[in-house]
Amino acid sequence: MTRYEYDTSLQSQNPVSQAQNSVEKAHNAVTQAQSHPSAQMIEQAETAVEKAERSIAQAGHDENKPAVEQASAQLAEDQSDLQSLQPMEEE
């Protein structure tokens, strides 16, 4: 077996599933930031959202438009939630 045969599951992911996974990670990061709104958690959530935006942009040319639109809508909600967060005062 070559090393490439081990990576078949990663290679088989299409841009839409990659975008959906990225949006899910961003959602989890935003949820964490909402629970623990430290500057670091908010920054990590912002980074995850930016990655998800790029992933959706790459998937935007895919034939599965409804899935891309749904992922985009979920990301928009998370972006809105993230913008309303303020870092808590650290003691």
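Below are the figures for this structure:
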item: Neighbours by Cβ (under 6 Å, 6+ apart or cross-chain): first from the range 21-36, under 12 Å from residue 49 (Cα atoms) and in contact (Cβ under 8 Å) with a residue 12 or more places away in the chain; second open to solvent by 20 Å² or more (accessible area, probe 1.4 Å) and not hydrophobic (A, V, I, L, M, F, W, C); result: 22/51; 23/74; 29/44; 30/81
item: Residue in the range 64-91 that is modelled with the lowest pLDDT, counting only those that are open to solvent by less than 100 Å² (accessible area, probe 1.4 Å) and under 11 Å from residue 19 (Cβ atoms); result: 64
item: Condition check for residue 17: modelled with pLDDT under 95, under 17 Å from residue 68 (Cβ atoms) and out of contact with any Ser or Thr (no Cβ under 9 Å at 6 or more places or on another chain); result: yes
item: All positions within the range 34-47 that are assigned to a helix (DSSP H, G or I) and open to solvent by 20 Å² or more (accessible area, probe 1.4 Å); result: 34, 35, 39, 40, 41, 43, 44, 46, 47
item: Of all residues in the range 54-63 being more than 16 Å from residue 28 (Cβ to Cβ) and crowded, with 18+ Cβ neighbours inside 10 Å, the one that is modelled with the highest pLDDT; result: 56
item: Of all residues making up the range 55-73, the number that are part of a loop (DSSP other than H, G, I, E, B) and more than 10 Å from residue 15 (Cβ to Cβ); result: 1
item: Complete set of residues in the range 46-90 that are touching a residue at least 40 places away in the same chain (Cβ under 8 Å) and either of a type in the set (A, V, I, L, M, F, W, C) or in contact with a Leu (Cβ under 6 Å, 6 or more places away or on another chain) (or both); result: 59, 67, 68, 71, 75, 82, 85, 88
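The values are calculated or read from the model by the stated rules, or taken from the named source; none is laboratory data. Keep in mind that this is a model prediction, so the values were computed, not measured. Every residue, glycine among them, receives a Cβ derived from its backbone with ideal geometry; neighbour counts consider all protein chains shown. Side chains included, ligands, DNA and RNA excluded: accessible areas come from the protein's heavy atoms. Shrake-Rupley method; radii C 1.70, N 1.55, O 1.52, S 1.80 Å.
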